[in-house]
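The values are calculated or read from the model by the stated rules, or taken from the named source; none is laboratory data. What you are looking at is a predicted structure, and each value in this text was computed from that prediction instead of being measured. Neighbour counts run over all protein chains shown; Cβ positions are idealised from the backbone, glycine included.
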Amino acid sequence: YLDYLEMREKAGYDLHNGIYAYPRNLGTAHQTMVLETQKTEMDKRLAETEENYPEIRKRFRKLKKKYLYESGGYIIRPAASASEIVMEGRTLHHCVGGDTYLRKHASGRSTILFMRFSDEPNIPYITVEISDDGEIMQWYGAYDKKPNKDKIDQWLKAYLINLKCSHSEQKEIRITTMVG
């Protein structure tokens, strides 16, 4: 009961109101306040990350051109915002949403990519960290597991080959344009 009252007070509720002070079902009211408190804290975290890492949004368009790829029922793309990285970590229950990864992605020391099923592009599946020289540093699914490890490893190898070929073609086009 005291935990419930403390959450209500912290959220700015008027505890002189009998409905808030003495709920009919304490268990339900407490659970509602827990969820409300968690949502408030998450909203605050997301706003802070957007404020602290605006570079992530600014870099997205350039990164999307470089890293977006779809093949074999999967799609991979860079993170569009700091809050998206935080939600990825929260949803998959791994550490990608922490400040270390946000700083690395924002500064370009590495890039956070989201791998999804092509038919469910908004549902988190695999998170990939790739170095600035195009090597996979790590990848994980939910709870730091590696689902379909052999298949995903094989797909990521093919992705890297495609990425390097695309990058080489772009260099070749630039060189030809500069010479011609």
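Brief remarks follow.
- Filter result for residue 20 (aromatic (Phe, Trp, Tyr), surrounded by 15 or more Cβ atoms within 10 Å (Cβ to Cβ), out of contact with any Cys (no Cβ under 8 Å at 6 or more places or on another chain) and not assigned by TED's automatic domain parsing to the domain that holds residue 162): yes
- Scanning the range 67-80 for residues that are farther than 16 Å from residue 166 by Cα and either surrounded by fewer than 17 Cβ atoms within 10 Å (Cβ to Cβ) or touching a residue at least 60 places away in the same chain (Cβ under 8 Å) (or both) yields 72, 73, 74, 80.
- Filtered residues of the range 133-149 (kept if in a loop (DSSP other than H, G, I, E, B) and either surrounded by fewer than 12 Cβ atoms within 10 Å (Cβ to Cβ) or without any contact (Cβ under 8 Å) to a residue 24 or more places away in the chain (or both)): 133, 135, 145, 146, 147, 148
- The strands (runs of 3 or more DSSP E) found wholly in the range 6-117 and carrying at least 3 residues that are under 30 Å from residue 151 (Cβ atoms) and not acidic (Asp, Glu) occupy 74-78, 110-117.
- The residue that is nearest to the chain's Cα centre (by Cα), among those in the range 96-122 that are among the aromatic types (Phe, Trp, Tyr) and surrounded by 19 or more Cβ atoms within 10 Å (Cβ to Cβ), is 114.
- Flag if residue 130 is under 21 Å from residue 60 (Cβ atoms), touching a helix residue (DSSP H, G or I) at 6+ places or on another chain (Cβ under 7 Å) and among the β-branched types (Val, Ile, Thr): no
- Candidates 67, 125: the one that is more than 28 Å from residue 44 (Cα to Cα) and either in the same structural domain as residue 43 (by TED's automatic domain parsing) or within 17 Å of the chain's Cα centre (by Cα) (or both) is 67.
- Conditions (1) touching a Cys at 6+ places or on another chain (Cβ under 8 Å); (2) exposed (fewer than 13 other Cβ atoms within 10 Å of the Cβ): number failed by residue 157: (1)
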